[in-house]
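One structure is given below, encoded as structure tokens.
The values are calculated or read from the model by the stated rules, or taken from the named source; none is laboratory data. What you see is a predicted model; the values in this text were computed from it and never measured. Here the Cβ is made from the backbone with ideal geometry for all residues, glycine too, and neighbour counts use every protein chain on show. Ligands, DNA and RNA are excluded from the accessible area calculation, which covers all protein heavy atoms including side chains. Shrake-Rupley method; radii C 1.70, N 1.55, O 1.52, S 1.80 Å.
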Amino acid sequence: MQFLNPLFIIGLSAIAIPIVIHFFNLRRYKKVYFSDISKLEELAEETKRQSRLKHLLILAARILAIAFLAIAFAQPVIPPRENALQSGSTAVGVYIDNSFSMEGGTESGTLLDEAKRKAKEIVAGYSPSDRFILITNDMAGSQFRLLSPDEFSAAVDEVDVSPVSPSLSTVAKRLFAALGSDNCSDNRSAYLITDFQSSAADIEALPSDSATHCYLVPLQGTAQNNLFIDSLSFDAPAYTQGNVVSVAAHIRNSGSEAVENLQMKLTVNDKERAVASTDIVANAENTVKLQFTIDNNAILHGSVSIADYPITFDDEMFFCINPTSKIATLSINERTDNQYIRRLFGNDSLIAYRSCTANAAGYEDFSQYDLIIVNEVVTLQSGLAENLRSFAENGGTVLLLPSKEMDLAAYNRFAKQLRLPEFKAFFGGDVRVSHTNTSHPLYRNVFERQGNDFEQPTVFGHFLATPSSSTVKESLLTLANGDDLLSFTKCSTGGIYLLSTPLYAQHTNFGSMALFVPTMYNIALHSGKVSDFYHFIGNDIAISTKLIGNGNVLKIRALDGSSEIIPEMAGSADSRILRTHGNLQTAGNYVVATDDKVVEGIAFNYDRRESEMSFHSEDEIADAVKANSSLSLIKSTGKPLDQLIRSQREGKPLWHIFLVLSLLMLAMEIILIKSL
């Protein structure tokens, strides 16, 4: 036990007063003569002993009353066992979760209202000279500064719901870094006020900081049934006029009750294009497909929507489809173009076709192409091989058409780097294609449109592949002997298609078969750069510099003109990354534009992590923080946080106990005096 005002202990000397009064105020007895007192002697002796005992008890009560009162004024406390304050300044970081889930109701308002009230209680638990940092999910640059108590309270009043939903560990790392910058204080504490929604509260990943103790302040979130559009996927090789687009909407029912006849609507450029309905069982997901035909080559701004209450922020998902631009295709030849490739691509309005010899290929221009065809190049020189590898790993598509005379050693070195099938010899026998991989995107919907009854191609000679455990490939066209005629290998964000025979009539009839056109055309279409159909608010956006040119300032503008921001631009010479830094807050359709033109359409949606309305319990949180000594859980007790904080910082106060004991002693004294 310690005393906050130890000088008041001097007051204990006042116990001498009742002692002195006791000795100078002893009752003196007067003799009274009676004729016969033999029968009163025993009673008189007993009364005298009782009187002395009562006087001693009165003395003790007075002494204790004065002693307890002096101790109460000295403010005794039980000192904290841990996290005791050091001498010096104090900085406190407070995080208020202002995500959509904090709109849940409580008896006194929303969870966000309760969080703001608790944040102010935290400030009240510290001294006026202490400084505070307030951050929210937005984590704006202006938030990472020290505030006085009054400035902090004013900032808390301005906190509103935000669509941004970072993980709790990300928030804690940023808050700890802000508190530790420039050694701003000797005592550092952090408070995380949140509903601990399971999708964002990664408690096990919270950082440990020996210089900052972190207190978790859970709010009681309420689990609710919620029906929401989780994601959209699109199935079309190209997005041009006349193509049919299939939109697959993935609907999630996170509630405990089944939903029947859920109505869905697909809107494109403010016109209703398709409707559908579906049934979804409890805690399950269903996929519903809606289709529409592209009727022009304009940017398509659309959305898929449902109706669900009371949680509505995730009932609509916006998307944007930008028309497929010309697919830049380069054919690198040993001598001349392949006649089948030139005939198919040379005059197509969707493909910008160019050819050159291997010696004249400009490697520095590879990044400007979507598809590079390597046609019968006999020797893959190291420079060409390295630039093809870089091109594929950075999102480009390569189609390799081998030469019968090619340098197998040079090719196999290239193949080994990219885990392609390696060739060992050329086999001259006739073999027919026996299987087509219709599940691959290259052939998806091909047989639905054309049927599966056309004649399969035959090869009159092909390269045999060396079996290798390092090879990673997908077989697309498989020969009857088990070898591949056409395979695909993924390379980071790009890929390589490999034909196992030269594309000439003396080696295969593939070029003259019906399957050749959709195969090659889809390779080209899937090589085209398709912009992301939608983004989640808070994420970075990648955009090609081919669309914007150099030196142009980009703006992100709402389709209805209600808002406009200038994002930060960063990135390489081939692409730019746009960062909104929390300035974009509303889901919807937008355009990326310069001063004089629209570059492309873009859509933003609210993060679906907030849609799963499940929360960690206090017991789960307590178990998770046991392994991290820098974390403490403040359980819900109904007691104001400022009182808990003072108790933790200064120790448990005992003055009120001693004050009550002093009053009890005075009451005992009065009772004893009246009994005399």
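Just a few scattered comments:
- Checking residue 287 against (1) open to solvent by 40 Å² or more (accessible area, probe 1.4 Å); (2) under 28 Å from the mean Cα position of the chain (by Cα); (3) more than 26 Å from residue 602 (Cα to Cα), the condition it does not meet: (3)
- Among the residues listed as 372, 306, the single one being modelled with pLDDT of 90 or more and over 30 Å from residue 224 (Cβ atoms): 372
- Checked against the criterion of being outside any loop (DSSP other than H, G, I, E, B), within 31 Å of the chain's Cα centre (by Cα) and touching a residue at least 12 places away in the same chain (Cβ under 8 Å), the candidates 318, 292 yield just one match: 318.
- Test: residue in segment 84-95 that is more than 30 Å from residue 111 (Cβ to Cβ), assigned to a loop (DSSP other than H, G, I, E, B), at pLDDT below 60 and in contact with a Gly (Cβ under 9 Å, 6 or more places away or on another chain): yes
- Count - residues of segment 179-195 that are more than 17 Å from residue 123 (Cβ to Cβ) and either crowded, with 23+ Cβ neighbours inside 10 Å or small (Gly, Ala, Ser) (or both): 4
- Residue count for segment 254-277 under the criterion of being open to solvent by 10 Å² or more (accessible area, probe 1.4 Å), out of contact with any Ser or Thr (no Cβ under 8 Å at 6 or more places or on another chain) and either charged (D, E, K, R) or farther than 30 Å from residue 196 by Cα (or both): the result is 10.
- Test result for residue 142, assigned to a helix (DSSP H, G or I) and modelled with pLDDT under 90: yes
- When residues of segment 475-530 are limited to those that are polar (S, T, N, Q) and surrounded by fewer than 17 Cβ atoms within 10 Å (Cβ to Cβ), the one farthest from residue 346 (Cα to Cα): 481
- Checking the stated criteria, residue 471 turns out not to satisfy the condition of being of a type outside the set (Asp, Glu), open to solvent by 10 Å² or more (accessible area, probe 1.4 Å) and at pLDDT 95 or above.
- Any hit, segment 252-263, residues being touching a strand residue (DSSP E or B) at 6+ places or on another chain (Cβ under 7 Å) and under 17 Å from residue 533 (Cα atoms): no
- Selection from segment 337-375 of residues that are under 18 Å from residue 522 (Cα atoms) and among the aromatic types (Phe, Trp, Tyr): 340, 345, 353, 369
- Within segment 364-399, the set of residues being in a strand (DSSP E or B) and open to solvent by 10 Å² or more (accessible area, probe 1.4 Å) comprises 397 only.
- Residue 201, sole failed condition from (1) within 14 Å of the chain's Cα centre (by Cα); (2) among the hydrophobic types (A, V, I, L, M, F, W, C); (3) outside any loop (DSSP other than H, G, I, E, B): (3)
- When residue 434 is tested against (1) hydroxyl-bearing (Ser, Thr, Tyr); (2) open to solvent by 20 Å² or more (accessible area, probe 1.4 Å); (3) not in a strand (DSSP E or B), only condition (3) is not met.
- Residue 605 out of contact with any helix residue (DSSP H, G or I) (no Cβ under 9 Å at 6 or more places or on another chain), at negative phi and open to solvent by less than 80 Å² (accessible area, probe 1.4 Å): yes
- For segment 196-242, the tally of residues that are within 24 Å of residue 90 (Cα to Cα) and loosely packed, with under 14 Cβ neighbours inside 10 Å stands at 3.
- Against the conditions (1) buried (at least 20 other Cβ atoms within 10 Å of the Cβ); (2) at pLDDT 90 or above; (3) farther than 30 Å from residue 587 by Cβ, residue 69 satisfies every one except (2).
- Residue within segment 139-149 that is crowded, with 20+ Cβ neighbours inside 10 Å, touching a residue at least 24 places away in the same chain (Cβ under 8 Å) and under 19 Å from the mean Cα position of the chain (by Cα) present: yes
- Among residues of segment 411-428 being of a type in the set (Lys, Arg) and loosely packed, with under 15 Cβ neighbours inside 10 Å, the one that is farthest from residue 389 (Cα to Cα) is 424.
- Filtered residues of segment 243-253 (kept if closer than 25 Å to residue 522 by Cβ and surrounded by 19 or more Cβ atoms within 10 Å (Cβ to Cβ)): 245, 247, 249
- Of all residues in segment 533-567 being at pLDDT below 75, polar (S, T, N, Q) and part of a loop (DSSP other than H, G, I, E, B), the one that is least open to solvent (accessible area, probe 1.4 Å): 552
- Positions within segment 123-139 being in contact with a strand residue (DSSP E or B) (Cβ under 9 Å, 6 or more places away or on another chain), farther than 29 Å from residue 606 by Cβ and either of a type in the set (D, E, K, R) or not in a loop (DSSP other than H, G, I, E, B) (or both), in sequence order: 123, 130, 131, 132
- Restricting the search to strands (runs of 3 or more DSSP E) fully inside segment 568-644 and requiring at least 1 residues that are closer than 25 Å to residue 206 by Cβ and in contact with a Phe, Trp or Tyr (Cβ under 8 Å, 6 or more places away or on another chain) gives 631-633.
- Test: residue in segment 340-353 that is in contact with an Asp or Glu (Cβ under 7 Å, 6 or more places away or on another chain) and buried (at least 19 other Cβ atoms within 10 Å of the Cβ): no
- Residue in segment 327-337 that is open to solvent by 40 Å² or more (accessible area, probe 1.4 Å), touching a residue at least 12 places away in the same chain (Cβ under 8 Å) and part of a strand (DSSP E or B) present: no
- Only one entry in 587, 624, 603, 593 is over 30 Å from residue 225 (Cα atoms) and either free of Cβ contacts under 8 Å to residues at least 12 places away in the same chain or within 30 Å of the chain's Cα centre (by Cα) (or both), namely 593.
- Answer from 525, 464, 485 - the residue that is modelled with pLDDT of 95 or more and of a type in the set (A, V, I, L, M): 485
- Hits in segment 150-179 - residues which are in contact (Cβ under 8 Å) with a residue 24 or more places away in the chain and not in a helix (DSSP H, G or I): 159, 160, 161, 162, 163, 164, 165, 166, 167
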